[in-house]
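To start, the structure under review is shown below, and the notes come after it.
The values are calculated or read from the model by the stated rules, or taken from the named source; none is laboratory data. Since we're looking at a predicted model, the values are computed, not measured. Quick reminder, even Gly has a Cβ in these numbers, built from the backbone with ideal geometry, and neighbours come from all protein chains shown. All accessible areas refer to the heavy atoms of the entire protein, side chains included, with ligands and DNA or RNA removed. Shrake-Rupley method; radii C 1.70, N 1.55, O 1.52, S 1.80 Å.
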Amino acid sequence: LLRWPLRKVAAGQTPRRMVFVPGFGDTPLSWWTILAGLKPLLRRKVDEVVLVDFPGYSGFLHDEAAFDSMDELLRVFREVVETLRPEILVGHSLGGWLAADFAVEKGDG
């Protein structure tokens, strides 16, 4: 996870977060310039942006699989998102599929 604070949050308060999930085999850093361009808008809505990175990939192909199954990826992703409790959850490609699945499971928008 890459954390990008946009504003200071008072001690003891939970920051309002946007979690961005890139596509498989993509690095979250490739989205950095787009998110930087949105910074003025993002600062009005959230206190920090968290970029998810799939372990060991960062945009490169490797010999070993990043995860054992889609069920395992979904389980871990749900745990991460539930821990972060974002105000906004955005994903692209595989990240969009994961975000949509999480939203359907939660059923609260």
Problem - Long-range neighbours under 9 Å by Cβ, at least six apart or interchain, first residue among the aliphatic types (A, V, I, L, M) within the range 72-84, second open to solvent by less than 70 Å² (accessible area, probe 1.4 Å) and part of a helix (DSSP H, G or I) - result: 73/94; 73/98; 74/98; 74/101; 74/102; 81/98; 81/99; 81/102
Completion exercise
Considering the range 27-69, residues that are touching a strand residue (DSSP E or B) at 6+ places or on another chain (Cβ under 6 Å) and assigned to a loop (DSSP other than H, G, I, E, B), and then whichever is modelled with the lowest pLDDT, we arrive at 52
Exercise for the section: State all residues of the range 83-102 that are in a strand (DSSP E or B) and either touching a Gly at 6+ places or on another chain (Cβ under 6 Å) or under 11 Å from residue 21 (Cβ atoms) (or both); if no residue qualifies, say none. Expected result: 89, 90, 91
Fill in the blank from the handout: Across the range 23-47, the tally of residues that are open to solvent by less than 30 Å² (accessible area, probe 1.4 Å) and within 23 Å of residue 79 (Cα to Cα) stands at 5
Practice task
With respect to residue 86, determine if the residue is buried (at least 16 other Cβ atoms within 10 Å of the Cβ), at pLDDT below 85 and not small (Gly, Ala, Ser).
Solution key: no
Exercise for the section: Scan the range 1-22 for residues that are open to solvent by less than 10 Å² (accessible area, probe 1.4 Å) and of a type in the set (Val, Ile, Thr) and jot them down. Expected result: 19, 21
Practice task
Quickly run through the range 1-28 and pick out the residues that are touching a residue at least 12 places away in the same chain (Cβ under 8 Å) and among the aliphatic types (A, V, I, L, M).
Solution key: 1, 2, 6, 9, 18, 19, 21
